[in-house]
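The values are calculated or read from the model by the stated rules, or taken from the named source; none is laboratory data. Keep in mind that this is a model prediction, so the values were computed, not measured. Here the Cβ positions follow ideal geometry from the backbone for every residue, glycine too, while neighbour counts run over all protein chains shown. The protein model used for the area step is the full one, side chains on, heavy atoms only, and it has no ligands, DNA or RNA in it. Shrake-Rupley method; radii C 1.70, N 1.55, O 1.52, S 1.80 Å.
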Amino acid sequence: MTYFDEVAETRSRADLDAMQLERLGLMLPHAYEHSPIVRATWEEAGVHPRDIRSLADFTERAPFIDKETLRHWREDRRDPYAGLLCVPVDDVTTILSSSGTTGEPTLQPQDWGASGGPVRAGLSRDLWMMGMRPGDRVMVVIFTFRGPAFGMVQQFGAVPVLCDYDAGDMIRFCELSLEFRPTGLYSLSSMIVHAIAEACEQGGFDPTDVFSSYRAMVQAGEPLGARARGIVDGWGVPLFEHTGVGDVGTAFECPEHDGLHFWEDDTLVENLDPEGTEPVGDRERGELVATALVNRTTPLIRYRSGDIVRLTRVPCPCGRTHSKLWPVGRKGDGVEIQGRKILPIDVWPAIESVDECSRGLFQIVREAPQMDRLRLRVGYGPGCADRLGAVRDDVMAAVADLLDAVPEVELVPDADLLKLGPPHKIPRVAPR
Amino acid sequence: MTATVEDTRPLWGIAQYEDGTRRVPWPVSHAEIERAMGGAVSTLAGLGVTAGERVLWCTLLSEAAHFWPLLIGSMLGGAQFSLADATAPDALRVGMFVRQLEYRAVIGVNEAVLDGFDELERSYRDVFGAVSIVGARPGAYERLTAVGLTPYWFVLCGPAVAMATLPGGPARVDPNEWALTELDGRIHVTSTQPRETAFDNTPTAIRGSLVDETSFYPETGAHS
Ligand SMILES: [Zn+2]
């Protein structure tokens, strides 16, 4: 069987549109009625949910909300839920928080009673899509603060093997893999990939043996750099990229490994000109704008995520009709150096080509949107503190070679940069 | 050592517990977790946590079989709960929660979280001063006591969870599930209900002195 839920995963575009419109018809009056920030935003725009009779009405008329609007609401009105809470506060069962990569974590109230639990049904489709099956064991390596990731494995009918997201403890990952022979792994980041490789070396584990039972591994957080990707390729297990969809949904790669599907029955996504309101073309870079179709606790409506993606609605060769996206970066993550836009993704290969900086931990230091010279803060691994001058020269040469621009480079220990982020990623642009 | 539990569902999961020498993989059934949820409701009621109040749990994923029943138990009792990792970097998150919202209890605080506050140069009194129940693990308990706070013992005692119902009082396991013994100053645990993995005088990482078959005082200073 190719699909976990063939009907849901292969609906025609017309069916998907009809379903989205029907769900919008329920969600918009609910959000307008109960969410103070949605009400204020729509009133200010002079739009009412009854004005929205088609998806075209929605994309032409519905006003946007962005991170800044939410932050202002949170701070100015001292509302920790940023005006998004649509249920009585007594109905909230659980208050989780965002990862906080680019600032302090923000609160995420949830109603596990009303939603039937903490895990969305679409995740079972994702696990099946990647080759896992009910009855399997699935290694779960993740932090806990986002909630029970292991719940998606249990809901699917598989057994989670629980391992702390601790780069210093990956020998345990190897031992658990050998003892319990999981078929799936959720989740890898560059940091964990390097840590597993080191644990195999230190503990005398043969990676081929450690990974022999796995059929699928999920990468979450930042895309892996080429170096980490090379290590994973050596393990011989298909890697599936995974990302969040505008704080509303999630997206996973399918076996075609050409884009990440998200489920359009729970998330309505537009891809718009980052500086405007018009949609960009199929597979062109744009800003992901997301609307919740199912989450009635804190629904985001036309949320400009700041995530730059490419997106296609063309049905995938895998047979799934739901759209796919490719993450590109964050809006505003770049810096303009003498008129030329440079993104972290542009610098990355040069940094990790230097052995001492192979973990690819670095930040663009952006004191202003436009600067004369590229400034980088670059992490180095243990054991090279006595030759930092040479390491700096190597980094400068590698970047100059790739980008034709000689950067200023400040070297710091990898550990200092890792402290700046949640465990699976770091802020790639720093104001100073 | 292994008892068969009549349950056709797959395992709840494979978590871990500490036996004094290492962390041991621990297969757990759904039935065990469901029984523990009932015990957790009583534990929280015994602490005086009531509907409408909030509890923040500091946890690690490998400890999910210990904590998951407690989280759901807080929810079943009508309290709201939040989650932070019991790691130094996540001290930032613990601090964010208790600053923005009122928490009746913060439970599972360990030495790593306190190390995180040290790095942030936040005093423990400043962070926890307004929280009436701080459930602290061995090591963290002593450090909080040293600055004049009055934490409650919270102990992962092998596969069992032991929590005090009074500040400074003994930590107690669920009497319907566990019996404790002490051997050479080390707490051992025996399971009294059917489990995927049965425990029979299994050593734990916890040193302490028994008060009775289900409660004990951890030895202070044994973990710092
Ligand atoms: Zn596909």
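How many of the residues in the stretch B:165-217 are in a loop (DSSP other than H, G, I, E, B), under 17 Å from B:A40 (Cα atoms) and out of contact with any Phe, Trp or Tyr (no Cβ under 8 Å at 6 or more places or on another chain)?
Result for the stretch B:165-217: 6.
Looking only at the stretch B:76-98, count every residue that is within 7 Å of chain A (Cβ to nearest Cβ) and assigned to a loop (DSSP other than H, G, I, E, B) and tell me the total.
2
Select from the stretch A:168-202 the residues that are small (G, A, S) and either more than 20 Å from the chain's Cα centre (by Cα) or away from every other protein chain (no Cβ under 13 Å) (or both) and list them in ascending order.
Scanning the stretch A:168-202 gives A:G168, A:S177, A:G184, A:S189, A:S190, A:A195, A:A197, A:A199.
Filter the stretch B:5-22 for residues that are facing another protein chain (nearest Cβ under 9 Å) and out of contact with any helix residue (DSSP H, G or I) (no Cβ under 7 Å at 6 or more places or on another chain) and give the result.
Of the stretch B:5-22, the ones facing another protein chain (nearest Cβ under 9 Å) are B:9-16.
Across the stretch B:5-22, the qualifying residues are B:P10, B:L11.
State whether the residues of the stretch A:251-271 include one that is without any contact (Cβ under 8 Å) to a residue 24 or more places away in the chain, open to solvent by 10 Å² or more (accessible area, probe 1.4 Å) and away from the ligand (no atom under 16 Å from the Cβ).
From the stretch A:251-271, those without any contact (Cβ under 8 Å) to a residue 24 or more places away in the chain are A:257; that's our starting set.
Those still in the list that are open to solvent by 10 Å² or more (accessible area, probe 1.4 Å) too: A:257.
Subset that is away from the ligand (no atom under 16 Å from the Cβ): none.
For the stretch A:251-271, residues without any contact (Cβ under 8 Å) to a residue 24 or more places away in the chain, open to solvent by 10 Å² or more (accessible area, probe 1.4 Å) and away from the ligand (no atom under 16 Å from the Cβ): absent.
Within the group A:G276, A:G281, A:G339, which residue is at positive phi and either at pLDDT below 95 or open to solvent by 10 Å² or more (accessible area, probe 1.4 Å) (or both)?
After ruling out the rest, the residue left standing is A:G339.
Quick test for you: out of A:A226, A:A220, A:A292, A:A216, pick the one residue that is over 15 Å from the mean Cα position of the chain (by Cα), in the same structural domain as A:E198 (by TED's automatic domain parsing) and away from the ligand (no atom under 16 Å from the Cβ).
The conditions single out A:A226.
Looking only at the stretch A:229-250, which residues are more than 16 Å from the ligand (Cβ to nearest atom), open to solvent by less than 40 Å² (accessible area, probe 1.4 Å) and at pLDDT 95 or above?
A:V232, A:W235, A:V237
Please tell me if A:V412 is surrounded by fewer than 21 Cβ atoms within 10 Å (Cβ to Cβ) and either assigned to a loop (DSSP other than H, G, I, E, B) or among the hydrophobic types (A, V, I, L, M, F, W, C) (or both).
yes
Collect the residues in the stretch A:144-184 that are within 20 Å of A:G221 (Cα to Cα), buried (at least 20 other Cβ atoms within 10 Å of the Cβ) and without any contact (Cβ under 8 Å) to a residue 24 or more places away in the chain, keeping them in residue-number order.
Answer for the stretch A:144-184, where residues must be within 20 Å of A:G221 (Cα to Cα), buried (at least 20 other Cβ atoms within 10 Å of the Cβ) and without any contact (Cβ under 8 Å) to a residue 24 or more places away in the chain: A:T144, A:F150, A:L162, A:D164.
Hey, among A:E201, A:E175, A:E222, A:E179, which residue is touching a Lys or Arg at 6+ places or on another chain (Cβ under 6 Å) and on the phi < 0 side of the Ramachandran plot?
A:E222
May I ask you to list pairs of residues, at least six apart or on different chains, whose Cβ atoms are under 6 Å apart, with the first in the stretch B:119-140 being on the phi > 0 side of the Ramachandran plot and the second being open to solvent by 10 Å² or more (accessible area, probe 1.4 Å) and modelled with pLDDT of 95 or more?
Partner pairs satisfying both residue conditions: B:G139/B:E111.
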